[in-house]
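Participant: Sharing a structure with you now.
The values are calculated or read from the model by the stated rules, or taken from the named source; none is laboratory data. Please read these numbers as outputs of a predicted model, since none were measured by experiment. Cβ sites come from the backbone with ideal geometry, for glycine too, and all protein chains shown count toward neighbours. For accessibility, only protein heavy atoms count, side chains too; no ligands or nucleic acids. Shrake-Rupley method; radii C 1.70, N 1.55, O 1.52, S 1.80 Å.
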Amino acid sequence: MSAKPLRIGLAGLGTVGIGVVKIVQQHADLIAKRTGRTVQITAVSARDQSKNRDADLSGYAWETDPVALAQRDDIDVFVEVMGGHEGPAKLATEAAIAAGKDVVSANKALLAHHGQALALAAEAAGHVIRFEAAVAGGIPVIKALTEGLAGNQIKRVMGVMNGSCNYILTRMQNEGLSYAEVFDAAQQLGYLEADPNLDVGGIDAGHKLALLASIAFGTKVSFDAVELEGIGAISIDDIKLAADMGYRIKLLGVAQMTGRGLEQRMTPCLVPADSPLGQLQGGTNMVVLEGDSVGQIVLRGPGAGMGPTASAVMSDVLDIARGLRLPTFGQPATSLATPQAAKSATPASYYLRMTLLDKPGALAKIATCLGDAGVSIDQMRQYDHEGDKATVLIVTHKATRADIDHATGRFAGTGVMVGAPVALRIEEV
């Protein structure tokens with residue numbers, strides 16, 4: 001047992017921060033046995049010291065300024081669970097690195113926007129940044145990529161990485177409710193961020209995908225290159241029609257290196273209903289990793305919450321206590337390549353839903369637009385008429401998104417369209 005304890009400075013005393021406090025306090029003996037040294041919190045930071053947080057914080061020094069916490073001489077590891085990619089979180093993390101501290105962060109937005117610069121600074125100073133808790137909550141996906149699969153060339157990373165979106169889509173599926181109804185319920189239950197677009201717009205999950213892509217493919221984090229599309233346009237009709245074809249709709253993140261460059265997208269997709277992703281329910285996350293030697297690995301678990309996220313934070317703290325020191329993104333930040341962005345370069349089948357005027361030649365005009373764009377039809381179904389209108393569902397053979405967009409862009413000029421078409425990728429899983 002090392003005589004010197006590992007001392008933590010904890011910035012942020014919300015749900016995750018209090019979860020960290022409880023693990024440190026409740027499992028002190030277990031942690032010491034597993035690391036060979038004691039781990040203790042010496043100082044904390046939050047704006048309001050008087051708030052009741054259901055935890056004993058009396059033994060810790062208190063800083064209202066997280067930058068001051070990061071610079072204290074009595075901490076070895078700065079644990080940041082405040083959130084936000086600018087302001088106090090960024091300033092305090094930079095201050096911690098400058099003051100010679102290791103950093104453990106649950107802040108996906110900070111690392112997605114500033115990860116490369118922070119990694120360069122930390123590695124140049126001989127310190128580490130760990131961020132298991134920033135991606136998929138309690139699922140150890142970063143450890144799987146940087147350690148367990150380190151001998152593999154990663155072919156593809158994909159998954160459902162936002163529990164709130166999966167909750168909305170599966171409840172629409174199971175209860176036949178509209179998007180608006182389930183969105184309102186999710187907001188009342190506190191499942192959505194203060195800015196709901198971070199969840200339903202795909203931004204939160206896009207941050208996570210960008211971090212995983214950097215590790216998987218040895219590239220600089222490139223969140224700005226992630227193709228983002230939220231779930232707000234998904235209707236109960238799409239849910240039902242997809243189910244009729246044997247699919248489920250998920251907000252799915254996919255990253256893969258193609259001949260055209262790094263493809264990163266966080267968009268609604270159809271997946272087979274009987275696949276692991278298709279069967280994923282509620283707020284659970286799932287990440288699928290594909291390596292050239294190992295094949296496909298499926299990781300499933302809670303993507304958020306006090307216990308799971310604090311568990312991930314502490315896994316990083318314990319690695320530091322054990323002396324495990326890895327580069328931030330699995331290889332030195334100086335060696336990470338600048339990726340060439342490739343938007344939806346990989347061909348796939350697409351689900352197209354549209355409402356057409358019920359008149360002779362309507363379907364032929366749509367088929368002509370698709371054919372002229374080089375898109376062939378695999379399946380076509382026409383559903384019940386509503387007055388002079390009918391819903392038509394088309395599943396295409398594999399095509400690029402550019403060809404699909406070209407075809408659907410010409411639909412309006414046919415004179416038979418009612419409203420805009422919906423186009424969703426069908427992902428092979």
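Participant: Say the dipole of the chain comes from +1 at the beta carbon of Lys and Arg and -1 at that of Asp and Glu; which of 419, 122, 194 then lies farthest toward its positive end?
Facilitator: It is 122, whose Cα lies furthest towards the positive end.
Participant: Amide H neighbours of residue 247 under 5 Å, at least 5 residues apart or on other chains, H built in the peptide plane: list them.
Facilitator: Close amide H contacts, sequence-distant or interchain: 273.
Participant: Could you state the accessible area per residue of the chain in Å², with a 1.4 Å probe and every protein chain left in place?
Facilitator: Details: 17460 Å² over 429 residues.
Per-residue accessible area for the chain comes out at 41 Å².
Participant: Defining a contact as two alpha carbons under 8 Å apart and six or more residues distant in sequence, what relative contact order in percent does the chain show? Show your work: numbers first, answer last.
Facilitator: Numbers: 918 pairs, mean separation 68.6, N = 429.
Relative contact order comes out at 16 percent.
Participant: If you place +1 on the Cβ of every Lys and Arg, -1 on the Cβ of every Asp and Glu, and leave all else neutral, what size is the dipole of region 1-133 about its Cα centre, to the nearest 20 Debye?
Facilitator: Computed about the Cα centre, the dipole is about 320 debye.
Participant: Could you pull out every one of the lysines with an alpha carbon less than 26 Å from that of residue 389, ignoring same-chain neighbours closer than 8 positions?
Facilitator: 240, 359, 365
Participant: I've got another one for you. In sequence order, what are the phi-derived ³J(HN,Hα) couplings for region 81-97 according to the Karplus relation 6.51 cos²θ - 1.76 cosθ + 1.60 with θ = phi - 60°, rounded to whole Hz, with x for glycine and proline?
Facilitator: Result, ordered by residue: 10, 7, x, x, 9, 10, x, x, 4, 5, 4, 5, 5, 4, 5, 5, 5 Hz.
Participant: Of 340, 84, 268, which is farthest on the positive side of the dipole of the chain, counting Cα position, with +1 on Lys and Arg Cβ, -1 on Asp and Glu Cβ, and the Cα centre as origin?
Facilitator: Working it through, the farthest residue towards the positive pole turns out to be 340.
Participant: In whole angstrom, how far apart do the alpha carbon centroids of region 91-166 and region 350-429 sit?
Facilitator: Here the answer is 41 Å between Cα centres.
Participant: Now a separate question. Once amide H atoms are built 1.01 Å from N in the peptide plane, which residues 5 or more positions from residue 219, or in another chain, come under 5 Å H to H?
Facilitator: 337
Participant: So, one more: What are the ³J(HN,Hα) values, in whole Hz, obtained from phi via the Karplus relation 6.51 cos²θ - 1.76 cosθ + 1.60 with θ = phi - 60°, for each residue of region 350-355 in sequence order, with x given for Gly and Pro?
Facilitator: Each residue of region 350-355 in turn: 10, 9, 10, 10, 8, 10 Hz.
Participant: Run the numbers on region 351-422 and let me know its relative contact order in percent, using alpha-carbon pairs under 8 Å that are six or more apart.
Facilitator: Computed value for region 351-422: 46 percent relative contact order.
Participant: Follow-up. Please label the shape of the chain as rounded, prolate or oblate, based on the square roots a ≥ b ≥ c of the eigenvalues of the alpha-carbon gyration tensor (a/c under 1.5 means rounded; beyond that, a/b larger than b/c means prolate, else oblate).
Facilitator: Values: a/c = 2.59, a/b = 2.00, b/c = 1.30.
Prolate, because a/c is 1.5 or more and a/b exceeds b/c.
Participant: Where a Cα-Cα gap under 14 Å defines reach, which aspartates and glutamates qualify for residue 398, not counting those fewer than 8 residues away within the same chain?
Facilitator: Within the straight-line cut-off, residue 398 pairs with 378, 427, 428.
Participant: Could you give each residue of region 44-57 its phi-based ³J(HN,Hα) in whole Hz, using Karplus coefficients 6.51, -1.76, 1.60 with θ = phi - 60°, and x for Gly or Pro?
Facilitator: Working through the residues one at a time gives 9, 9, 6, 6, 10, 6, 8, 5, 6, 10, 6, 7, 7, 10 Hz.
Participant: Compute, for residue 410, the solvent-accessible surface of its heavy atoms (probe 1.4 Å) with the complete set of protein chains present, and express it in square angstrom to the nearest 10.
Facilitator: Only protein atoms counted, so the area is about 100 Å².
Participant: Separate question: Quick one: with all protein chains in place, what share of the accessible area of the chain is carbon or sulfur, to the nearest percent (1.4 Å probe)? Working shown, then result.
Facilitator: On the way: 8490 of 17460 Å².
Whole-percent figure for carbon plus sulfur exposure: 49.
Participant: Another question, if that's okay. Quick one: order 161, 257, 306 from most to least accessible surface, probe 1.4 Å. Don't jump to the answer; show the numbers that get you there.
Facilitator: Values: 161 0, 257 90, 306 65 Å².
Sorted by accessible area, descending: 257, 306, 161.
Participant: Would region 1-134 count as rounded, prolate or oblate if I go by the C-alpha gyration tensor, calling it rounded below 1.5 in a/c and otherwise prolate when a/b exceeds b/c, oblate otherwise?
Facilitator: On the way: a/c = 1.65, a/b = 1.19, b/c = 1.38.
Cα axes put region 1-134 in the oblate bin.
Participant: State whether region 179-269 is rounded, prolate or oblate according to the following rule on the C-alpha gyration tensor (a ≥ b ≥ c being the square roots of its eigenvalues): a/c under 1.5 gives rounded; otherwise a/b larger than b/c gives prolate, and the remaining case gives oblate. It would help to have the intermediate numbers written out before the result.
Facilitator: Details: a/c = 3.12, a/b = 1.48, b/c = 2.11.
Oblate, since a/c reaches 1.5 and b/c is not below a/b.
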